[in-house]
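Everything on this sheet refers to the single structure shown next.
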Amino acid sequence: MKITDRLDIDAIEAGLKTKSIGKKILVYKSTLSTNDVAWEYSGNRTNNGLAVFAEHQEAGRGRLGNKWLSQNGQSVLCSILLLDRKCSAELLTITAAVAAAQATSTYSKQNARIKWPNDIMINGRKVAGILLESRNRNGKNDYVIGIGINCHQQPDFFKGADLQQPATSIDIEADTITDRNSLARELLTQIDRRLIIAEENSEQIINQWRQFSSQIGHFVTLRYNQRQFSGNCIGVDPAKGLILQLSSGGVRMFDAAHTTIVKQVVSKS
Ligand code: BTN
């Protein structure tokens, strides 16, 4: 079944009670990348908290230079502009992951988890991803948080796609038809709320991130700088990365920039 709902500014704004995020919302039919649009608006500093949505991206970007693919009208594709923030990129990434996981869980009533560093998973399959970009302008740290949540995709869409890991959508996992405007509103609400927490008490957001982690307490195999390591995941540190109790002995941290998860043994979600 082809689902033809539309993202709509009034519908997203209906009942939206955020302090700073989504005070201005833009919805594009098509753009190259919502992250690019958000950056274009960064010259006007009153655009702090701007939320950009699109039905379609011609050049959606993922992490590590990957493409982010989505058919027209099937996802929530969102970028939030954050200007002159005191938080580090790592803390903002964690904050966005917690917000996206919570919004996805609340909306879908499924148990969404965070797979380090910032993939949002339901039942072991990726349902959403986060791409944080940063720029320094005259000593001020500006960020765009890009979030893509799969909503209406059906299994056929993922078959044959060149995916790094199994993927899914909310419609598949929750056996529903996602109201993307409601999900978008929940996402903005969660980002607003979690940012306030992160800026007031970073330890609290780090703890929330740990609670959403699908890896802590599980056996993980990863590749770091061409070498493979295995061990029990005993923690995650926002700046230093995944902490493994190595099978070969010792404890070691693996940073996100140089690490790929090869395999992890986890419970279902
Ligand atoms: C990943 O898991 O690789 C991150 C994917 C991030 C995709 C979103 S969709 C909205 C925003 N615009 C982009 O071009 N990318 C992000």
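Observations on the model:
- Farthest toward the positive end of the dipole of the chain, out of Val262, Phe157, Met121, is the Cα of Val262, where the dipole comes from beta carbon charges about the Cα centre.
- Long pairs among Lys109/Lys159; Lys109/Lys263; Lys109/Lys140; Lys23/Lys109; Lys140/Lys263; Lys159/Lys263, criterion Cα-Cα beyond 31 Å: Lys109/Lys140; Lys140/Lys263
- Sites matching trypsin sites (Lys or Arg not before Pro) across the range 171-248 that sit in DSSP coil, with at most 15 neighbouring C-beta atoms within 10 Å: Lys240
- Restricting the calculation to Cα atoms, every distinct pair contributes to the Kirkwood radius of the chain, found to be 18.8 Å.
- Label point 7 Å beyond Cα of Met253 along Cβ direction - residues of the range 115-150 with amide nitrogen under 19 Å: 116-118
- Whole-percent carbon and sulfur share, accessible surface of the chain, 1.4 Å: 48 percent
- Under 18 Å from the Cα of Lys24 - aspartates and glutamates, other chains or at least 8 residues apart: Asp8, Asp10, Glu13, Asp36, Glu40, Glu55, Asp84, Asp142, Glu186, Asp192
- Positive-end residue, the range 1-124 charge dipole about Cα centroid, Cβ charges, pick of Ala54, Trp39, Thr95: Thr95
- Per residue, the average separation of C-alpha pairs within less than 8 Å and at least 6 apart gives the chain a relative contact order of 18 percent.
- Under 18 Å of direct C-alpha separation, and excluding same-chain neighbours fewer than eight residues apart, Lys19 reaches these lysines: Lys86.
- 18 Å Cα-Cα reach of Lys115 towards aspartates and glutamates, excluding residues that sit fewer than 8 places from it in its own chain: Glu90, Glu173, Asp237, Asp255
- Dipole size of the chain about its Cα centre, with +1 on Lys/Arg Cβ and -1 on Asp/Glu Cβ: approximately 560 debye, rounded to the nearest 20.
- Oblate is the label for the range 135-196, because the ratio a/c of its alpha-carbon gyration tensor axes (a ≥ b ≥ c) is 1.5 or higher and a/b is not greater than b/c.
- On the basis of the beta-carbon distance and an R0 of 35 Å, Asn225 and Ala14 show a calculated FRET efficiency of 0.10.
The values are calculated or read from the model by the stated rules, or taken from the named source; none is laboratory data. Worth saying up front: this structure is predicted, and the values here are computed from it rather than measured. For neighbour counting, all protein chains shown are included, and Cβ atoms are generated from backbone atoms with ideal geometry for every residue, glycine included. Heads up: the accessible areas ignore ligands, DNA and RNA and are worked out on the full protein's heavy atoms, side chains in. Shrake-Rupley method; radii C 1.70, N 1.55, O 1.52, S 1.80 Å.
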